[in-house]
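Take a look at the structure set out below.
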Amino acid sequence: MTRSDETWKALHPDTLAVGHGYDPREAWGAAKPPITLTSTYVYPSAQAAKDFHRAFFDGAAEAQGGGAIPSGFIYSRLGHPNLSMLEARMAALDRAEETAGFNSGMAAISTLALTVLRPGDSVVHSRPIYSGADNLLNLVLPDFGIQVEGLVDACDEAAVNAAADAALARGPLALFMLESPANPTAAIVDIALVRRVAEAVGARQGRRPLVSVDNTFLGPLLQNPLAHGADLTVTSLTKYCGGHSDLLAGSVSGSVELIGRLKSLRMILGNHMEPFTAWLMLRSLESLAVRTQRACANAAAVAGFLEGHPKVAKVTWLGLLAEGTPARNVYDRQCAAAGSTFSFAVHGGEAEAFRLLDRLSILKLAVSLGGSETLICHPATTTHYNVPRERREAGGITDATLRLSVGLEHPDDLVAELARALEAV
Ligand SMILES: *Cc1c(COP(=O)(O)O)cnc(C)c1O
């Protein structure tokens, strides 16, 4: 498949995840892509060097070649073959014009913020939001003159409007930075609603705020934020897309124009994804569809077990959202399945939660999520350690809350171990 051939657009995501972005004819017929470990590229002639630079900086098409992998690489911080392959594949999965790959999810989020925001601007973010993003928004960006406003119920039109008004009162609103479902409570954001509010704000201030959505929890196969009105979709590839807890990576997908701006800044910041990670990511994406299916089925079994257990007070798995609630309506419209990371609370507090954790061995006690192994942690004393108690509890995290990322083990073994551990609570 060449880059100008667009027949791939008719294919299912599962198929694109296996092969899109790599053409064996460009690498001696190798069925799997080679890893291009080089920092710099040799120009065939002085004129070619000039053409490559013209193509890179002015977007001239003729020097980029017609193959799946563009030719004309200059220096690996500007781009390299494995990154081009991964970006083509992620763009296809996100149904986007283009993707930029980064060396972590936070590199993707920081570069997005620095591309879009200028001193004096304001930003509205959904709450709770990933702790790294929370720190960027509330500890770093204010020092650069950026005003930050949190939004708790992003399924409620009055709440979204109120947050937008509060932000506008402090400066031009440049960005809605959303995360849905949110970590660790699985709170849902109505992306289409936020886009409508963004349009209305645009009519008032003469510049429409951009809408970005962190899609890490469900990933490209279960939720497509761009189809619901987002301008940019962000993914920590470290989690489900990488899927084996053995790499750090991130991506942002969107229009050619916006992603071009992110890539220009990435070249300066130097936070691109390096070749080996991009290669590992290509391999990981091949199994994303089957991993997603199995993890969702396992999560349904585990959540169903916990939901009926007398020592469990609450389970936040999206598959259990009550019919008729606003969050359920948005979930039905926006998400293809419930994913496999959620939280539950035991009756009691920290002591009861710790007793459960200390009796586990198949379920690993660690932060992070989306790996092949099931991970469990106590957010109040780990991922949310430095979030003040009132803000933690307002976000639904108590001393009895445990976060679970259900992996690919046999569901009966997971349920049996949790049943044994709950006896100790
Ligand atoms: C982990 C995570 C991030 C950050 O990704 P890194 O790859 O660790 O930098 C961002 N958003 C969400 C929702 C995450 O779970």
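The values are calculated or read from the model by the stated rules, or taken from the named source; none is laboratory data. Quick caveat: nothing in here was measured; it's all calculated off a predicted structure. Neighbour counts are summed over all protein chains in view; Cβ atoms, including those assigned to glycine, are modelled from backbone coordinates with ideal geometry. All accessible areas refer to the heavy atoms of the entire protein, side chains included, with ligands and DNA or RNA removed. Shrake-Rupley method; radii C 1.70, N 1.55, O 1.52, S 1.80 Å.
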### Query
Which condition breaks for GLU98 when tested against (1) more than 14 Å from the ligand (Cβ to nearest atom); (2) open to solvent by 10 Å² or more (accessible area, probe 1.4 Å); (3) within 19 Å of ALA198 (Cβ to Cβ); (4) in contact with a helix residue (DSSP H, G or I) (Cβ under 7 Å, 6 or more places away or on another chain)?
(3)
### Message
Residue under question is LEU221, and the condition is that it be open to solvent by 40 Å² or more (accessible area, probe 1.4 Å) and not in a helix (DSSP H, G or I); does it hold?
### Response
yes
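The rows are residues; the columns are (1) in a loop (DSSP other than H, G, I, E, B); (2) in contact (Cβ under 8 Å) with a residue 24 or more places away in the chain.
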{"position": "VAL234", "(1), (2)": "no, yes"}
{"position": "THR238", "(1), (2)": "yes, yes"}
{"position": "SER251", "(1), (2)": "no, yes"}
{"position": "ILE259", "(1), (2)": "no, yes"}
{"position": "LEU265", "(1), (2)": "no, yes"}
{"position": "ILE268", "(1), (2)": "no, no"}
{"position": "ALA278", "(1), (2)": "no, yes"}
{"position": "LEU285", "(1), (2)": "no, yes"}
{"position": "ARG291", "(1), (2)": "no, yes"}
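Among the residues in the stretch 106-113, are any at pLDDT 95 or above, within 15 Å of the ligand (Cβ to nearest atom) and farther than 21 Å from THR238 by Cα? Reasoning before the result, please.
Going through the stretch 106-113, the residues at pLDDT 95 or above turn out to be 106-113.
Then drop every residue that is not within 15 Å of the ligand (Cβ to nearest atom), which leaves 106-113.
With the extra rule that they be farther than 21 Å from THR238 by Cα, the set shrinks to none.
No.
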#### Entry: Single residue of the stretch 116-143 satisfying the filter (hydroxyl-bearing (Ser, Thr, Tyr) and touching a Ser or Thr at 6+ places or on another chain (Cβ under 8 Å)) that is farthest from the ligand (Cβ to nearest atom)
SER126
### Task
Select from the stretch 39-53 the residues that are within 14 Å of SER71 (Cβ to Cβ) and either in contact with a Ser or Thr (Cβ under 7 Å, 6 or more places away or on another chain) or open to solvent by less than 90 Å² (accessible area, probe 1.4 Å) (or both) and list them in ascending order.
TYR41, TYR43, SER45, ALA48, ALA49, ASP51, PHE52, HIS53
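Specify the residue that is farthest from PRO220 (Cα to Cα); the eligible residues are those in the stretch 249-266 that are hydrophobic (A, V, I, L, M, F, W, C) and away from the ligand (no atom under 16 Å from the Cβ).
Of the stretch 249-266, the ones hydrophobic (A, V, I, L, M, F, W, C) are 249, 252, 256, 258-259, 262, 265.
After this cut, where a residue has to be away from the ligand (no atom under 16 Å from the Cβ) as well, the list is 256, 258-259, 265.
Working: VAL256: 19, LEU258: 19, ILE259: 17, LEU265: 24 Å.
Checking each candidate, the answer is LEU265.
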### Query
Under the condition of being within 25 Å of the chain's Cα centre (by Cα) and crowded, with 18+ Cβ neighbours inside 10 Å, which residue from the stretch 301-318 is nearest to PRO411 (Cα to Cα)?
VAL302
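Residue by residue through the stretch 377-425, note down the ones that are of a type in the set (Val, Ile, Thr) and buried (at least 22 other Cβ atoms within 10 Å of the Cβ).
Pass one, the stretch 377-425, residues of a type in the set (Val, Ile, Thr): 381-383, 387, 397-398, 401, 406, 415, 425.
Listed by number, the residues that qualify are ILE397, THR401, VAL406.
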### Selection within the stretch 309-324 - among the basic types (Lys, Arg) and assigned to a strand (DSSP E or B)
LYS314
### Message
Exactly one of these conditions fails for SER236: (1) touching an Asp or Glu at 6+ places or on another chain (Cβ under 8 Å); (2) away from the ligand (no atom under 12 Å from the Cβ); (3) open to solvent by less than 30 Å² (accessible area, probe 1.4 Å). Give me its number.
### Response
(2)
### Query
Taking the stated definitions as given, is THR185 closer than 25 Å to GLU393 by Cβ and at pLDDT below 95?
yes
### Message
Could you tell me how many of the residues in the stretch 211-233 are over 16 Å from ALA92 (Cα atoms) and within 11 Å of the ligand (Cβ to nearest atom)?
### Response
5
### Query
Looking only at the stretch 182-210, which residues are closer than 14 Å to LEU151 by Cα and within 16 Å of the ligand (Cβ to nearest atom)?
ALA182, ALA187, ILE188, VAL189, ILE191
### Summary
If we keep only residues of the stretch 334-371 that are over 18 Å from THR401 (Cβ atoms) and either in contact with a His (Cβ under 8 Å, 6 or more places away or on another chain) or among the acidic types (Asp, Glu) (or both), then the residue farthest from the ligand (Cβ to nearest atom) is GLN334
